[in-house]
Amino acid sequence: MKFKKWIQSLIFYEILLGMKETLKHFLNYRPITLEYPHVKKPLPENYRGMLGLLRYDDGTEKCVGCDLC
């Protein structure tokens, strides 16, 4: 009987720890997501842009080996 009571108290303690963690995050709320079209995420300095297949003036492709073709 003592073991059963110990297990029940342990489970209750774990539930309280989980609730404490939940309340901590609930009370210290800060938005994680951005309102994308209106607020844009700052880009890092080493960002080079989107991949794309560029062409010379005569229409031939500038191949850089990116496998987009």
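Residue under question is residue 48, and the condition is that it be of a type outside the set (Phe, Trp, Tyr) and surrounded by fewer than 10 Cβ atoms within 10 Å (Cβ to Cβ); does it hold?
In short, yes.
Considering only the stretch 46-64, state which residues are part of a loop (DSSP other than H, G, I, E, B) and charged (D, E, K, R).
48, 57, 58, 62 - these are the residues of the stretch 46-64 that are part of a loop (DSSP other than H, G, I, E, B) and charged (D, E, K, R).
Can you pull out the residues in the stretch 10-45 that are surrounded by 10 or more Cβ atoms within 10 Å (Cβ to Cβ) and not in a helix (DSSP H, G or I)?
34
Values in this text are rule-based calculations from the coordinates and carry no lab data. Quick caveat, the model's predicted, so the values are computed rather than measured. Neighbour counts run over all protein chains shown; Cβ positions are idealised from the backbone, glycine included.
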